[in-house]
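Take a look at the structure below.
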Amino acid sequence: MKKTIFLATLTAAIFAGCSSDNPMLPVEGGNGNNGGEGNNELISPTVRATVNTPDNAQSPMSGILEVYPCQAGTSIYYGNYVEDVLTPFPGMYTLKDGNTLGNPARAISLPVGTYNMIYWGTPKYEEPIYSNPAVKDPQLTLGGDLSQQYFGLRQNLPDTTYYPVFDLVYAVKPANIGTEELNAAMKRKVAGLKVIVKDKNNGILSSSISGMKVNIGGIAEKLNLYTAEPVNQTKTVTFPLVLSTDGTQMSNATVMLFPSATSPLFQLIITLKNGTVKTFKQTLSAPLKANTRFTLTLTLGDIFSEEETGNFTIDNWQEESETIEVPSLN
């Protein structure tokens, strides 16, 4: 099934484990200022969101948005009322041009009061992006500390490499439920990478090539749920390249990656039809930073046959970078 939402719904087991102890609607004098203010009215505010552009302006967001209510001024997770029961499920919305599209999948429903709202989203693109991203979701519990939870890479078992991630945007902002709408200015917290491999003469790539893939090292293992800071920039992410219809290049739809260490190691791995594997390695001159897309163009220096062995050569290495542009959906 095609994945369009970056966060899998929390399991029924988690819900069951929390719901048996969950309070029902708050009563007078119940929650004080740690979220609700002690009355029994639940409010579902209007939700809007924008995403930063290359010039640091904001454009309306289209895509999936999740909202995590915390106690005022803290990273302590308050939760969200679902069918009048306080649960660990965050709010979930589908947005178009910055506004909620249709009925929310799971609306924010909270007592009147001040909260610290954490927002994570996945924008939708007209431009193709990698179709098989994955992410490990945080484990949410009522009263838990979100600064100790993370979105993590998902391992490509049984390999030691990892999948690319979803495009993730983030914001944190206090909100007063009952007097204002939820309005988040989101910032992208992942990098984009596109790789193009061509023949040096712009001709057809060698017919001896069976496939290509890219390994990119120095990638953060996880992003902090509360701060969006990357952690442990030591992992390797892998993804395949696809042959163009005219046979002149192999490339990938843009993959999204957690930010990298200073000099990430790039590896191009080519498998020949006779089973021979040839590898090219080079450290990139710049890190993969949040809200930046790198386009790497490589030209193969030699046309090689299945009978050849040893290393192949690559010349005319070109490294270009540009910020990701997110189009508005009309």
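The values are calculated or read from the model by the stated rules, or taken from the named source; none is laboratory data. These numbers were taken from a predicted model, which means no experiment stands behind them. With ideal geometry, Cβ positions are generated from the backbone for all residues, glycine too; neighbour counts draw on all protein chains shown. SASA here: full protein model, heavy atoms, side chains in, ligands and nucleic acids out. Shrake-Rupley method; radii C 1.70, N 1.55, O 1.52, S 1.80 Å.
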Checklist entry - How much length, in nm to one decimal, is gained on full extension between residue 253 and residue 289, taken as 0.36 nm per residue of separation minus their Cα-Cα distance? => result 11.1 nm
Checklist entry - So what's Rg/Rh here for segment 127-169, counting alpha carbon atoms and using the Kirkwood radius for Rh? => result 1.08
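What full-extension length gain, to one decimal in nm, is calculated for residue 157 and residue 281 as 0.36 nm per residue of separation minus the Cα-Cα distance? Can you show the working numbers first?
Details: separation 124, 0.36 × 124 = 44.64 nm, distance 2.30 nm.
So the extension gain works out to 42.3 nm.
Which of the residue pairs 96/194; 124/281; 96/281 have a Cα-Cα distance greater than 30 Å in the structure shown?
Values: 96/194 26 Å; 124/281 33 Å; 96/281 42 Å.
In this structure, 124/281; 96/281 lie more than 30 Å apart at Cα.
Accessible area of segment 109-264 with a 1.4 Å probe: how many percent of it is carbon plus sulfur?
Numbers: 2910 of 6140 Å².
Result for segment 109-264: 47 percent of the exposed heavy-atom area is carbon or sulfur.
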Item to check | Probe 1.4 Å, accessible area per residue of segment 193-306, Å² | outcome: 39
Checklist entry - Could you list log10 I(q)/I(0) for segment 142-251 at q = 0.12, 0.15, 0.22, 0.24 Å⁻¹, which the Debye formula gives when each Cα is one point scatterer? => result -0.63, -0.81, -1.20, -1.29
Checklist outcome for this item: Taking placed amide H atoms and a strict 5 Å upper bound, the residues 5 or more places from residue 298 or on another chain that come that close are 196, 197, 198
Checklist entry - Does segment 42-188 classify as rounded, prolate or oblate by the C-alpha gyration tensor (a ≥ b ≥ c root eigenvalues; a/c under 1.5 gives rounded; else a/b over b/c gives prolate, otherwise oblate)? => result oblate
Checklist entry - If you take the square roots of the eigenvalues of the alpha-carbon gyration tensor of segment 74-160 and sort them as a ≥ b ≥ c, do you get rounded (a/c under 1.5), prolate (a/b over b/c) or oblate? => result oblate
Item to check | Proximal lysines relative to residue 278, as straight alpha-carbon distance under 19 Å, when same-chain residues fewer than 8 apart are discounted | outcome: 198, 200, 213
Checklist entry - Any idea how far apart residue 297 and residue 246 come out in nm if each label point goes 7 Å out from Cα toward Cβ? => result 1.4
Item to check | Per residue accessible area in Å² of segment 42-188, where ligands, DNA and RNA are left out and the probe is 1.4 Å | outcome: 39
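Per residue, what volume in Å³ does the Cα convex hull of segment 224-307 take up?
Hull volume over Cα atoms, normalised by residue count, gives 131 Å³.
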